Amino acid sequence: MLIIGASGGVGTALVQLAKQFGAEVTGVTSTTNLDLVVSLGADRVIDYTKEHFTNSGKTYDIIADTVGETSFIRCKPALKPKGRLLAIAGGLPDMLAALWAPMTRGRRVIAGPADERPEDVRQLAELAKTGVLRPVIDRRYDFTQMAEAHAYVETRRKKGSVVVNVGHEG
Ligand SMILES: NC(=O)c1ccc[n+]([C@@H]2O[C@H](COP(=O)([O-])OP(=O)(O)OC[C@H]3O[C@@H](n4cnc5c(N)ncnc54)[C@H](OP(=O)(O)O)[C@@H]3O)[C@@H](O)[C@H]2O)c1
């Protein structure tokens, strides 16, 4: 599995979950975040400032794009014959390709809103409780700093997640 944006909020969780389910994981990130992605369990990392994942000739069963960096058309050559693009930050063309996917064989796109099933949330909670799934927290803000928190998130440079503390009265 190739995870584009492996150092972000979704990516840091995805690397850990993919490893937990037995995948061999390659994470794509920039130079400063390579160590973080390896520390989460990635088997290999690609520094996107030095190499594009489509240039290595390697192919993957799943490519998960958490940043909208690729598209089905562009990453098709890097997908195995029955490979899937998990377009987490996909645009309209990938959404349409996902609708069409059940009618096609071979490579497919998975896009659109995820099911929010209670059993999945319970499984994630269990993995967090047992320390298998480790949240990566970049910065913490007070509730009064909400605007700064949003501004930082919008830089698209955060590592893992940003926490906003909500005070409790009484
Ligand atoms: N986080 C959530 O809870 C959540 C929930 C629902 C939906 N979503 C959606 O899921 C998508 C991802 O959200 P996110 O919170 O994971 O994003 P994010 O944390 O803001 O993504 C930032 C990370 O992406 C990396 N990145 C930026 N450009 C990249 C590129 N070209 N190639 C590889 N890595 C790159 C950055 O690493 P570098 O600084 O090294 O470039 C940074 O660590 C968004 O569309 C968001 O709306 C997120």
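Can you find a residue that is touching a helix residue (DSSP H, G or I) at 6+ places or on another chain (Cβ under 8 Å) and closer than 15 Å to Ile3 by Cα anywhere in the stretch 88-98? Checking the stretch 88-98: at least one residue is touching a helix residue (DSSP H, G or I) at 6+ places or on another chain (Cβ under 8 Å) and closer than 15 Å to Ile3 by Cα.
Tell me, which residue of the stretch 61-90 that is in contact with a Ser or Thr (Cβ under 9 Å, 6 or more places away or on another chain) and small (Gly, Ala, Ser) is modelled with the lowest pLDDT? Applying the filter and picking the extreme gives Gly90. Of the residues screened, Leu2 is one that is surrounded by 19 or more Cβ atoms within 10 Å (Cβ to Cβ), closer than 27 Å to Asp120 by Cα and more than 9 Å from the ligand (Cβ to nearest atom).
Considering only residues that are surrounded by 18 or more Cβ atoms within 10 Å (Cβ to Cβ) and out of contact with any Leu (no Cβ under 9 Å at 6 or more places or on another chain), which ones fall in the stretch 68-87? Listed by number, the residues that qualify are Gly83, Arg84, Ala87. For the stretch 13-30, the criterion of being within 11 Å of the ligand (Cβ to nearest atom), of a type in the set (Val, Ile, Thr), modelled with pLDDT of 95 or more and within 21 Å of Val109 (Cα to Cα) is satisfied by at least one residue. Can Gly112 be described as over 27 Å from Leu133 (Cβ atoms), surrounded by 10 or more Cβ atoms within 10 Å (Cβ to Cβ), at pLDDT 80 or above and within 13 Å of the ligand (Cβ to nearest atom)? For Gly112, the condition - over 27 Å from Leu133 (Cβ atoms), surrounded by 10 or more Cβ atoms within 10 Å (Cβ to Cβ), at pLDDT 80 or above and within 13 Å of the ligand (Cβ to nearest atom) - is not met.
Of all residues assigned to the stretch 125-134, at least one qualifies as being farther than 20 Å from Ile3 by Cβ, of a type in the set (Asp, Glu) and assigned to a helix (DSSP H, G or I). Take the conditions loosely packed, with under 10 Cβ neighbours inside 10 Å, over 26 Å from Tyr60 (Cβ atoms) and small (Gly, Ala, Ser) and apply them to Ala125. Does it pass? Here the answer is no, as Ala125 does not meet what is asked. Restricting attention to the stretch 31-48 and to residues that are near the ligand (Cβ under 8 Å from one of its atoms) and over 12 Å from Lys159 (Cβ atoms), the residue that is surrounded by the most Cβ atoms within 10 Å (Cβ to Cβ) turns out to be Tyr48.
Of all residues in the stretch 62-87, those that are hydroxyl-bearing (Ser, Thr, Tyr) and within 13 Å of Leu2 (Cβ to Cβ) total 2. Among the candidates Gly131, Gly90, the residue that is buried (at least 16 other Cβ atoms within 10 Å of the Cβ) and either farther than 22 Å from Ala18 by Cβ or of a type outside the set (Val, Ile, Thr) (or both) is uniquely Gly90.
The values are calculated or read from the model by the stated rules, or taken from the named source; none is laboratory data. The model shown is predicted, which means the values in this text are computed figures rather than measured ones. Glycine gets a Cβ as well: all are built from the backbone with ideal geometry, and neighbour counts include every protein chain shown.
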